[in-house]
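Structure first, then comments.
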2 protein chains.
Amino acid sequence: MPKIVDAVERRRQLAEAAWRVILRDGLEQASVRNVAREAGLSNGSLRHMFSTQAELLVFAMNQVVERIEGRLGALDPAGDPRATAERFLLELLPLDKERQEENLVWLAFTARALVDPELRECAERSYDALRAGCRRWVAAIAGDQVEVEVEADRLHAVIDGLAVHAATRPEVATAEKLREVLVRHLDTLGGLRYRVRNR
Amino acid sequence: MPKIVDAVERRRQLAEAAWRVILRDGLEQASVRNVAREAGLSNGSLRHMFSTQAELLVFAMNQVVERIEGRLGALDPAGDPRATAERFLLELLPLDKERQEENLVWLAFTARALVDPELRECAERSYDALRAGCRRWVAAIAGDQVEVEVEADRLHAVIDGLAVHAATRPEVATAEKLREVLVRHLDTLGGLRYRVRNR
DNA sequence: CGGAAGATAGCACGACTGTGCTATAAAAAA
DNA sequence: TTTTTTATAGCACAGTCGTGCTATCTTCCG
């Protein structure tokens, strides 16, 4: 096996170990030692792949983005703009356990990014990417009927707001409700206003 | 001066010192020592008011809620439902520096609440309160035209989403934009759909 | 005045932290 | 084979952490 590939794969596994620690005990518990133990490695062994803790955390945060982008890239962008946008946006919501956990980890990183410049860069990049996506989708769905900028920001806010709610109140903000709210928002975007949809 | 009042006031001052530390360096830096230094007190002196760090943080988080509720309580609830709701909801957005800082501190607490049961209680309480408020306002504005439950959740998502955006991208999500998005959302709530408003 | 109660200060302990460093085991290259 | 790189392990240092504890100082009450 080529060693480079192994090294990258190893880093990914360590990132996942970091995710597990963050999910279970919070980002403040994601110390070098704790992550190493979670991965079944020794202290120094982890530091052979990430020479500093900051490097590990930055990688782990970017890895979350890559995972999400991977899922989005696997979606079929063909067909009716409205249906396509709905498919992509629903993919972004934490509707199953995997995405719920991902969402929790992501929020932990986002919160630290408010104070850590290295993580902030990643947070801002993904913020801008999602905002651009919202703009495109709004334009595709109802570009001729609405002010795209404002509606893009509003859609963006709905998405991130729903993610926060799913994290802080999973018993209340269930997958059902998240989906319902997003679909309703898209319905009201294009002047369709509460049309009955066949689901 | 009665001593009880002093003690309460002292705790409030310590909470504010904690806020400053959290705002500047993040919640993970809000150690007993750091907060005490920020307040100009000694280690043991702080621990005379809060016998444990957890107690301090819970108090500081609840104090944020009290401050917000205080501002909301000072608003005049009379008049046109739509205008009243807009006034209250705009009060919740981080439109000036004071509320921006408050918002950052609040988000830090919310993030830790995902992992800390004591803080979680406070987060859930305020989540439920805001959700109930959204329900009332939606009902007052357009209760006869929409499904209140879904619309309340949607409004709630917009508010929290905007708060997150103001925190993670203050240069992009400016006060202007936040206000614009919220007003637009309220406009589209009652079937008014982009009516020109006199501001 | 004396004494009790409260406030402030600060030390001590054991635990955990990031990281520099060295030593051993494995693998790859020569 | 020998040599050289790489991986893994783990110790050591200096620092911070929460908290228990005692000692001083202030204030107030009787």
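Bridging of B:Lys97 to aspartates and glutamates at a Cα separation below 16 Å is possible for B:Glu16, B:Glu171, B:Glu176, once same-chain residues fewer than 8 apart are set aside. Peptide A:158-171 has a mean of 6 when you count, residue by residue, the C-beta atoms of other protein chains within 10 Å of its C-beta. Helix A:81-92 and the long axis of chain A differ in direction by around 30°, with both axes built from C-alpha atoms. Adding -39500 (n - 2.57) for every DSSP H run of four residues or longer, then dividing by how many residues chain B holds, sets the calculated 222 nm ellipticity at -25000 deg cm²/dmol.
Grab the other residues whose beta carbon is less than 15 angstrom from that of A:Asp128, score K and R as +1, D and E as -1, and report the net.
Values: positive: A:Arg120, A:Arg125, A:Arg131, A:Arg135, A:Arg136, B:Arg169, B:Lys177; negative: A:Glu69, A:Glu121, A:Glu124, A:Glu149, A:Asp153, A:Asp160, B:Glu171.
Once positives and negatives cancel, what remains is 0.
In a simple Cβ point-charge model (Lys, Arg +1; Asp, Glu -1; nothing else charged), chain B has a dipole of about 380 debye relative to its Cα centre.
With both labels modelled 7 Å from their Cα along Cα-to-Cβ, the A:Arg71 to B:Glu121 distance reads 3.3 nm.
Quote to one decimal, in nm, the extra length available between A:His48 and A:Ala139 on full extension: 0.36 nm per residue of separation minus the C-alpha distance between them.
Working: separation 91, 0.36 × 91 = 32.76 nm, distance 4.73 nm.
That pair, A:His48 and A:Ala139, stretches by 28.0 nm at full extension.
Taking the Cα centre of the protein assembly as shown as reference, the dipole from Cβ charges on Lys and Arg (+1) and Asp and Glu (-1) amounts to some 160 debye.
Going by the alpha-carbon gyration tensor, a ≥ b ≥ c the square roots of its eigenvalues, is region A:1-133 rounded (a/c under 1.5) or, if a/c is not under 1.5, prolate (a/b greater than b/c) versus oblate?
Details: a/c = 2.11, a/b = 1.71, b/c = 1.23.
Cα axes put region A:1-133 in the prolate bin.
How far is helix A:148-168 tilted off the main Cα axis of chain A, in degrees rounded to 10, range 0 to 90? Helix A:148-168 sits roughly 50 degrees off the main axis of chain A. Between region A:51-91 and region B:74-94, the C-alpha centres lie 37 angstrom from each other. With angles folded into 0 to 90 degrees, how steeply does helix A:117-142 sit against the dominant principal axis of chain A? Use alpha carbons for both and round to 10. Approximately 20 degrees, to the nearest ten. With contacts defined as alpha carbon pairs under 8 Å and 6 or more residues apart, what's the relative contact order of region A:34-123 in percent? 26 percent. Let a ≥ b ≥ c be the square roots of the eigenvalues of the Cα gyration tensor of region B:99-199; is it rounded (a/c under 1.5), or, if not, prolate (a/b larger than b/c) or oblate? In terms of gyration-tensor shape, oblate.
Between the listed residues B:Val115, B:Val21, B:His48, the Cα displaced farthest toward the positive end of the dipole of chain B, a dipole computed from Cβ unit charges relative to the Cα centre, is found at B:Val21. Using a ≥ b ≥ c from the Cα gyration tensor of the protein assembly as shown (square roots of the eigenvalues), is it rounded, prolate or oblate, where a/c under 1.5 gives rounded and otherwise the larger of a/b and b/c decides, a/b for prolate? Here the protein assembly as shown falls in the oblate category.
For region B:88-128, give the magnitude of the charge dipole about the Cα centre (Cβ charges: +1 Lys/Arg, -1 Asp/Glu; no others), in debye to the nearest 20. Don't skip to the answer; put the middle values down first.
Values: 5 positive and 10 negative charges, 23 e Å.
Computed charge dipole of region B:88-128: roughly 120 debye.
Each reported figure results from applying straightforward, stated rules to the coordinates on display, with no laboratory input. What you are looking at is a predicted structure, and each value in this text was computed from that prediction instead of being measured. We place every Cβ from the backbone using ideal geometry, glycine too, and count neighbours over all the protein chains shown.
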